[in-house]
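Asker: I'd like to ask you about the structure that follows.
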Amino acid sequence: MSFYIYSPDWFSGIDSILEIISIIISFLIAYYSYKTYKFFNLKKYKYFAVAFILIGLSFISKIISNLIFIVPKKREITFSFYQLIYTYYSQLDYIEDISFFIHKFSLLISLLILYLIIMNEKKMQNILMFISYTLIISFLITNYLLFNFVIVIITMFLFFINHIKDKKKKKNSSLSLFFLGFSISYFFIFLALENTIFYFLGEMILLITFINLLFNLIKTFKK
Amino acid sequence: MVIKRDKIEIISDILTSIQEKNNKIKITHILYKANLSYNKLKEYLDELLNKNLIEEYYDKKHKYFRLTKKGNEYLEKIKQMTKFIETFDI
């Protein structure tokens, strides 16, 4: 299972390059969030950093999963010995499955962490229950990527609603746009089953969402 | 957790008040700006002096406070981190 099937042929591989930008931005946010935690000792920023590391990790595993999906086709000619091809393929399949699982699990866990921060959930019992559910869902949706999309779309959209409704939050908080952008981009990726052009649009919206986040981060550190 | 943040806010107020007065401020002005009791302010000032974030000096027999280079850098860091929290307010 891979995102490769949703992408237009001409866009395959380019999406991975675009996602590298999102990965770098995710890690930058995580780094400064962790620095904020160390400085003010605000624990929620430690978890916020973890959430963004996991978002970055989910993109890394998505790239690996996509690359493996492409690679065997290109290497087929190189190996003539059947046994060797078989071993090669099965190992790659194995890595693809693992990276695809990491993609789903880390993205869902990052959503869960954001949810726990937003809801100010501190009960360990509830947190463990949520993590167990996430693990189960990740295993169950091995072949149902669309289910994963639906979870991301709904959760991110609810975060957006929650964030703009909270009057305590500053109006210029860039997170509202991040949640909305993430939700819309996954909605487009969801539509890619009908037409692969939507995958391209979804990826572009995701990139703009992350660039907006980077723009706000740079603004923060401008004197 | 909250206590630590409050402490940083107070330190930020003290350092900002010194900076705004162009590095020449009397303790009474800091007292007014930081909105603290005299004893509490004295504790904070001692801590800031020990950490080499501010220094005291005399001009015409009056005692003044100014930011050190380290103090300026620290205030800048507080401002940046506060801006980060405002921008990424979750």
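Asker: Give me the orientation-averaged projected area of the Cα convex hull of the protein assembly as shown, in nm², one decimal.
Answerer: 21.0 nm²
Asker: Still on this structure, I have one more. For each pair in A:62/A:122; A:122/B:40; A:165/B:70; B:51/B:79; A:46/B:40, compute the distance between the two Cα atoms and list the pairs where it is over 29 Å.
Answerer: Going by Cα-Cα distance, A:62/A:122; A:122/B:40; A:165/B:70; A:46/B:40 fall outside the 29 Å limit.
Asker: I would also like to ask the following. Report, as an integer, the average count of C-beta atoms from other chains found within 10 Å of each Cβ along B:76-86.
Answerer: 6
Asker: Moving to a separate point now. Among A:9, A:166, which comes first, then next, by fewest other beta-carbon atoms within 10 Å?
Answerer: Lowest count first: A:9, A:166.
Asker: Moving on to the next point. Relative to the longest principal Cα axis of chain B, at what angle does helix B:38-50 sit, 0 to 90 degrees, rounded to 10?
Answerer: Taking the Cα atoms of chain B, the angle to B:38-50 is about 80 degrees.
Asker: Here's a follow-up. With +1 on each Lys and Arg Cβ and -1 on each Asp and Glu Cβ, and nothing else charged, work out how big the dipole of the stretch B:2-87 is about its Cα centre, in Debye to the nearest 20.
Answerer: Computed about the Cα centre, the dipole is about 220 debye.
Asker: Applying a 10 Å radius around every beta-carbon, put A:16-28, A:202-214 in order of their mean neighbour count, most first.
Answerer: Result, highest mean first: A:202-214, A:16-28.
Asker: With everything on Cα atoms, drop me the angle between helix B:2-20 and the longest principal axis of chain B, reported from 0 to 90° to the nearest 10.
Answerer: The two axes meet at around 50 degrees.
Asker: Which of the three applies to the stretch A:184-223, rounded, prolate or oblate, going by the alpha-carbon gyration tensor with a ≥ b ≥ c and a/c under 1.5 meaning rounded?
Answerer: Cα axes put the stretch A:184-223 in the prolate bin.
Asker: Next question. What ranking of A:45, B:32 emerges when the number of other C-beta atoms within 10 Å of each C-beta is taken as an exposure proxy, fewest first?
Answerer: B:32, A:45
Asker: Any aspartates and glutamates with Cα under 15 Å of the residue B:77 Cα? List them, leaving off those in the same chain fewer than 8 positions away.
Answerer: B:9, B:13, B:86
Asker: Of the listed peptides A:128-134, B:55-61, what is their order by residue-averaged count of other C-beta atoms within 10 Å, with the highest listed first?
Answerer: Output ranking for A:128-134, B:55-61: A:128-134, B:55-61.
Asker: Please work out the FRET efficiency for the pair residue A:97 and residue A:132, using the Cβ-Cβ distance as r and a Förster radius of 30 Å; give the result to the nearest 0.05.
Answerer: 0.90
Asker: Same structure, new question: Sort B:29, B:62, A:163 by Cβ crowding within 10 Å, fewest neighbours at the top.
Answerer: Final ranking by Cβ density, sparse to dense: B:62, B:29, A:163.
Asker: Just tell me how shielded A:214-222 is by partners: mean number of partner chain Cβ atoms within 10 Å of each residue's Cβ, no decimals.
Answerer: For this peptide, the per-residue mean of nearby foreign Cβ atoms is 3.
Read-outs: derived from the displayed coordinates by stated rules, not from any lab. Predicted model only: the values in this text are computed from it and were never measured. Positions of Cβ are backbone-derived with ideal geometry, glycine not excepted, and every protein chain shown enters the neighbour counts.
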